[in-house]
Structures are given as C-alpha cells and as structure tokens.
Amino acid sequence: MAESKALWELLRQAADPGVADALKTAVETGPDRTLCRINPLAFAASHELGEEPVIGALVHAARIGLFDMAWNVLCPGCGGVLETGAALKTLNRTEYACALCAADYSPTLDELVEVTFTVNPKIRRIAAHDPDSLSLPEYMRQIFWGSGIEFPDDLDGEMNKVTLDVMDLAPGEKAAMSLTLPAEFGIIFDPVTHTAVFLDVSGERTTERRSLSVVLSEATAQSTTHHLRPGPIRIAIENKSGRRTIPGVWIHNAEMSALMNRRRPFLTATRVLSNQTFRDLYRNAMLDPEQRFRITNLTILFTDLMGSTALYDRVGDLAAFDLVRHHFSALLTAVAAEGGAVVKTIGDAVMATFPAPDRAIRAAMRMREEMRKINDKRGSQDLALNIGLHEGPCLAVTLNDRQDYFGQTVNIASRVQGLADPTAILATQPIVESAEVARLVGEAGYWTRSRQLSLRGVSEAFTIYEIREREPATAAA
C-alpha cells in the first residue's frame, strides 16, 4: 500500500495532477472491466479531460509500474485483437490472419495497431489478470475485442441474441452440444484459440441428425466451411490447447453485425510514436532494426534556422549557442503542446511528426510566435525560422538506434522546408485541403497562396501553399 501511494504521488509530479487523480480514483473504485485495456481517448471523454494529458499520464504510469502498456494488432472487420505484446518490437509478423473474418491483414500503425493500458496486478488485481475465469461476454469485452468497440449497456443480453449454445472446456477436455441449426449463416467460434468453423446453412430442413467434430488448438488461427441444411446436429469439440476455451455457436445476423460495428476512436500506435512523452520515456524500446511498419498517413514537419552560420559570426559562439538552445526548447514545447514529437535534430534543423495536419499547422504557428517573442525580447531579428510540411504514407523504422521514418513523404517534407523562408509556412496541397486546417487558417487570420514548384528528386511538380499572416484578404487564393 505504501509503495502504491508513493507511485501515485510520483505520477502526480510527473504528469497532469488532475489526470493522475482521475486514474487513481478509477483504480480504487472502478469495476474490474473498466481497468482492462483502457482506451485513453474514451477515458478522456468520459472524465472531461484533455486527450494529450491523459495519454501522457498513462505513458508515465506505465513507465513507473502503475499500468501495463499493450500494443494490439486489430482486425478491421470484427475489431478483434489478433496479437498483443508489451512492446511494439514484439509484433514482428508482416501479415496477420483473422479466423472469424477469414481474412489476412498487414498491420499499419495508424489503422490496425492500438495501444491500451491495464492496471498492474501489484496495484490492483482484476478479473482480466486471470482470463480463464471470465464468462464468454466478459472474455469478448476484455480480452478478444480491442478498445475501439463501443459496448452496449447489456452486453450479456446482446451476446445471447447471437449465440445458440456455448461450452466451457478445460485443457484436454471433450464435450458435445446438440442443437437445431436455423437457416442462417452460423459460426462455431472460440475466442481463446481464434478457431472458426463456418456453417453455411441453407436449403430444405432435414430431420437427419448430423455430426460434426471440431478440434481446438494453439496453432495459427484458421477457418473452414461446411455446407449444411437446417435441422438437428451434434457438434463434438475437443480442446487440445493448453488453455481453458469457451467455444460457442454464433449466428451471423443483424444483431451480430451491429455488435461488432459499434466503433469509437482508439489510441493508435502512430499517435503514441508521435507523442513526445512516449519518445522521451521509451527512447530505446520501440522497433527492432529489422522491423518495417507501414503508416498510411503521417504529417511531417521540418524546420531550419535561416542564416545560423552568420548568426554565430555576428553575435559570437556563446551567445549564438544560447540562442539556438532557446530556439530548440521553444520548438520542442510547441510540438509537444500539439501532441507531436521531435523525431530528430539535424544541426539547427528539426524533424517532427504529428497525428493530424491541423495539429502540425497549429504547432508551426506556435513556433513562429515563439521566435517572434525571443527576437522582441532581444530587440533583434536573430532567429528566422523556415518551416515546411507534408503528409502521406511512410515506413516506421529504426535508424542509428533511433526510431525514425523513411520514404518519399519524408523526402518531400524536407524539400518543401528547403524552399521556405521565414515570412511564411510552406505546406503541400494535402495539408491545406484538410477541412480542419482550412478552418484553423481562417480563424487564425492567415491567408494562403499556391504555387507550382519542382522539388529536387521528385519527378512531378507540386502544389505548394504559402501560409501567411496579417495580409489583405484580397490576396488570398
């Protein structure tokens, strides 16, 4: 108890105190199921807290041992967890199979990999720490489905609508169920071993009693299909896995589709990797050198100080060093405030990533304002910042023992920054065409003007937008 109290106090000092208190209250008073695979975005919404403070607090809480962080590969079809690991580097397959959906998927960090948090058993032991004790509905809620499923108030009742029968089998146990198959598409499914047997039931009803055998094992998830007529059947199931299993016969009807299609936003791996708190605390625990994860869309921002060499010559090494260090601190603060992360610095340049383009534009505006404040305080214009942005697909990789990003999107963002000058933020068409960015630019009193420019190493001409402030509205394009 004393150790737990000390950890909570440490969390209050390291993260937002209000979020730390909300998490502590949830752990002390919340039902077990609310403490398994916590969805940070849903937690923030239900407690009227900011998403970034909640994410940051949970990342801190995982680092000090209050929670366990998990990286889950999701099936986009049913929302089920296909594999889970304590670190992203443990998810090392290029393709994952969902037996329930009979489909294969390549994991993408911004769509199919989520990050969740479960209370550590040393802080509070919950039912999910012993999943073999869970009923079928609670196993589906807490273990099988990811945090992107919006569960109905009466999950047990909704599950009953789609389940004809279910059994509980210990390791090595055999059992059979007898039932009458309706003329609907059925599935014999075990969420523990991810075994699925499809029953395509159609045609005229029969009175003949059929038999079907199913073996559950811990081998790779697989699916088979049997074409049957409606009527009586005896289904024998043998559990050859080393786990307790809970196979059932499900009907793929409208209720089942509604149950799996109730979705809500979840914390993606891309967003975590673009979170400054995570990058600071887990600097060396992201990807293995041989891992390559696809990201379908990431916003990348590059900055560079214009004339930094002349700055050192003009004000001297010591003063210039202090100025450049102050500049880096201001940029880091601006990036973190918008839920982004600094990937690396290259000389006086910065590469940062963001989960959405409007956050990156807002950060760029903050950067310009911070440079203005520093210059005004000094009574000079020593710090002049060039900023360029682009978004698109890329790869998350490890380069030089550091989590990094690779691909043409990164190259284009860098080239755009190379064309910039301190009078405007430069962004590509996909950035500016975002509805959120358009609204932000208008509300902030900025205007845009487009230009067709050639980028070194890129064959096609690019539409680049200058985002400028305090200019006549008639100049807008």
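The values are calculated or read from the model by the stated rules, or taken from the named source; none is laboratory data. This structure is a prediction, so every number in the text was calculated from the model and none was measured. Cβ coordinates were reconstructed from backbone atoms using ideal geometry, including for glycine residues, and neighbour counts include every protein chain displayed.
Scan region 353-366 residue by residue and report those that are out of contact with any strand residue (DSSP E or B) (no Cβ under 6 Å at 6 or more places or on another chain) and of a type in the set (A, V, I, L, M, F, W, C).
Just the residues of region 353-366 that are out of contact with any strand residue (DSSP E or B) (no Cβ under 6 Å at 6 or more places or on another chain), to begin with: 355-356, 358-359, 361-363, 365-366.
Once the filter is applied, which keeps residues that are out of contact with any strand residue (DSSP E or B) (no Cβ under 6 Å at 6 or more places or on another chain) and of a type in the set (A, V, I, L, M, F, W, C), region 353-366 yields Ala356, Ile361, Ala363, Met365.
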Query - Residue in region 429-439 that is over 26 Å from Arg292 (Cα atoms), more than 24 Å from the chain's Cα centre (by Cα) and at pLDDT 95 or above present - result: no
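Please state which one of Thr296, Thr270, Thr303 is hydroxyl-bearing (Ser, Thr, Tyr), within 31 Å of the chain's Cα centre (by Cα), in the same structural domain as Pro430 (by TED's automatic domain parsing) and buried (at least 16 other Cβ atoms within 10 Å of the Cβ). Please lay out each step first, then the result.
Numbers: Thr296 fails: buried (at least 16 other Cβ atoms within 10 Å of the Cβ); Thr270 fails: in the same structural domain as Pro430 (by TED's automatic domain parsing).
Only one candidate passes the filter, namely Thr303.
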Query raised in the report: Pairs, please: C-beta under 8 Å, at least 6 apart or cross-chain, first residue in the same structural domain as Val342 (by TED's automatic domain parsing) and in region 397-419, second in a helix (DSSP H, G or I)?
Result: Gln403/Leu273; Gln403/Arg279
Query raised in the report: From the residues in region 19-70 that are assigned to a helix (DSSP H, G or I) and of a type in the set (S, T, N, Q), which one is nearest to Val113 (Cα to Cα)?
Result: Thr34
Query - Filtered residues of region 289-305 (kept if modelled with pLDDT under 90 and over 30 Å from Asp382 (Cβ atoms)) - result: Pro289, Glu290, Gln291, Arg292, Phe293
Requested in this report: Pairs only if they're at least six apart or on different chains, beta carbon under 7 angstrom, first in region 1-27 and farther than 20 Å from Arg125 by Cα and modelled with pLDDT of 95 or more, second of a type in the set (A, V, I, L, M, F, W, C) and part of a loop (DSSP other than H, G, I, E, B); list them, first residue then second.
Outcome: Gly18/Leu49; Val19/Leu49
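Yes/no per residue for (1) part of a helix (DSSP H, G or I); (2) buried (at least 17 other Cβ atoms within 10 Å of the Cβ):
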position	(1), (2)
Thr409	yes, yes
Gly418	yes, no
Leu426	no, yes
Val437	yes, yes
Val441	yes, yes
Gln452	no, no
Gly457	no, no
Query raised in the report: Do any residues in region 145-169 that are closer than 29 Å to Val215 by Cβ have Cβ atoms under 6 Å from those of residues that are modelled with pLDDT of 90 or more and among the polar types (S, T, N, Q), where the two are at least six apart or on different chains, and which pairs are they?
Result: Gly146/Asn72; Leu169/Asn239; Leu169/Thr245
Requested in this report: Kindly check whether there is at least one residue in region 392-405 that is surrounded by 23 or more Cβ atoms within 10 Å (Cβ to Cβ), out of contact with any Asp or Glu (no Cβ under 6 Å at 6 or more places or on another chain), under 30 Å from Gln291 (Cα atoms) and of a type in the set (Asp, Glu).
Outcome: no
Report summary line: The residue that is modelled with the highest pLDDT, considering only those in region 369-391 that are out of contact with any helix residue (DSSP H, G or I) (no Cβ under 9 Å at 6 or more places or on another chain) and outside any loop (DSSP other than H, G, I, E, B), is Arg372
Query raised in the report: Hey, does region 46-53 have a residue that's within 21 Å of Leu155 (Cβ to Cβ), at pLDDT 95 or above and out of contact with any strand residue (DSSP E or B) (no Cβ under 9 Å at 6 or more places or on another chain)?
Result: yes
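Listed here are the residues, each with its yes/no results for (1) part of a loop (DSSP other than H, G, I, E, B); (2) more than 26 Å from Met159 (Cβ to Cβ); (3) touching a Leu at 6+ places or on another chain (Cβ under 8 Å); (4) among the basic types (Lys, Arg).
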{"residue": "Leu100", "(1), (2), (3), (4)": "yes, no, no, no"}
{"residue": "Asp110", "(1), (2), (3), (4)": "yes, yes, yes, no"}
{"residue": "Glu114", "(1), (2), (3), (4)": "no, no, yes, no"}
{"residue": "Phe117", "(1), (2), (3), (4)": "no, no, yes, no"}
{"residue": "Pro121", "(1), (2), (3), (4)": "yes, yes, no, no"}
{"residue": "Arg125", "(1), (2), (3), (4)": "yes, no, no, yes"}
{"residue": "Ala128", "(1), (2), (3), (4)": "no, no, yes, no"}
{"residue": "Arg141", "(1), (2), (3), (4)": "no, no, yes, yes"}
Query raised in the report: Considering only region 306-315, how many residues are more than 29 Å from Ile431 (Cβ to Cβ) and either at pLDDT 70 or above or of a type in the set (Val, Ile, Thr) (or both)?
Result: 3
Query raised in the report: Does Asp154 satisfy the condition of being surrounded by fewer than 16 Cβ atoms within 10 Å (Cβ to Cβ) and modelled with pLDDT under 95?
Result: yes
Query raised in the report: If you take the residues of region 96-132 that are under 18 Å from Ile38 (Cα atoms) and among the β-branched types (Val, Ile, Thr), which of them is surrounded by the most Cβ atoms within 10 Å (Cβ to Cβ)?
Result: Val115
Query raised in the report: Which of the residues that make up region 177-186 are touching a Ser or Thr at 6+ places or on another chain (Cβ under 9 Å) and of a type in the set (A, V, I, L, M, F, W, C)?
Result: Ala183, Phe185
**Report entry** All positions within region 23-40 that are surrounded by fewer than 20 Cβ atoms within 10 Å (Cβ to Cβ) and not β-branched (Val, Ile, Thr)
**Finding:** Ala26, Glu28, Gly30, Pro31, Asp32, Arg33
